[in-house]
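The values are calculated or read from the model by the stated rules, or taken from the named source; none is laboratory data. Only a predicted model underlies this, so the values are computations on that prediction, with no experimental measurement involved. Ideal geometry is used to build each Cβ from the backbone, glycine not excepted, and the neighbour counts take in all protein chains shown.
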Amino acid sequence: MAAPPGENLKCVLVGDRSVGKSSLLMSFVTNKCLPASEEVPEVYDASTTTVSLGEVQYNLDIFDIDGNTQEHKKRALMYPYTDAFLICFSVISPQSFQHVEEDWAPEIAHHCPGTPWVLVGTKIDRRGDPDVLERLSAKGESVITTEQGKILAMKLRAFAYVECSAKTMTGLKEAFDEVSFIVVPI
């Protein structure tokens with residue numbers, strides 16, 4: 001879908017609870033790293049920011065949707081007129097990665113067939129955290145690798161795969177740049 005200059009573009013963030021969607025949005029919109037002590041609301045709601053692609057600026061309306069898997073009917077009310085989705089999972093949560101294929105991608109395909117989406121792996125700053133590695137190892141699990149993310153993105157036909165950290169701001173701009181590439185004619 002191509003949007004004319006000056007038009008608002010709608011991007012919706014989906015994914016399990018606690019994967020970092022609200023932190024991702026807050027860091028991107030404020031252009032600040034989130035301190036480790038900062039409390040992030042469970043759902044940050046919506047925000048509008050200006051994005052530039054070349055010489056043209058667009059208003060990007062970004063909606064943070066509750067990741068409670070039981071709330072799919074409420075979430076579906078936010079989906080109409082969405083230009084692009086960011087389906088998020090945490091690289092330190094194998095369960096959230098599994099839910100991309102089992103829940104989130106099918107839900108988007110059902111409610112918004114043909115709407116493009118980007119797969120986003122969050123919390124990459126914690127990938128090497130000894131406490132995280134120990135917790136996962138105790139359950140016979142491991143962190144999700146970049147390669148695993150890329151493979152899932154290709155398998156599910158995501159527009160792109162991006163990894164990011166709201167704490168370090170790594171990859172945040174790239175995630176939303178991908179949204180711009182999806183919906184803005186070049």
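Odds and ends about this structure:
- Condition met for GLY128 (without any contact (Cβ under 8 Å) to a residue 60 or more places away in the chain and within 21 Å of PHE181 (Cβ to Cβ)): no
- Region 152-181 - residue that is of a type in the set (Val, Ile, Thr) and surrounded by fewer than 21 Cβ atoms within 10 Å (Cβ to Cβ) and, of those, nearest to LEU53 (Cα to Cα): THR170
- Conditions (1) among the aliphatic types (A, V, I, L, M); (2) modelled with pLDDT of 95 or more; (3) more than 18 Å from LEU13 (Cβ to Cβ); number of the one not met by ILE186: (2)
- Any hit, region 122-141, residues being in contact with a Leu (Cβ under 8 Å, 6 or more places away or on another chain) and closer than 15 Å to GLY15 by Cα: yes
- Every condition in (1) touching an Asp or Glu at 6+ places or on another chain (Cβ under 9 Å); (2) surrounded by 14 or more Cβ atoms within 10 Å (Cβ to Cβ) is met by GLN95 except one, and the failing one is (2).
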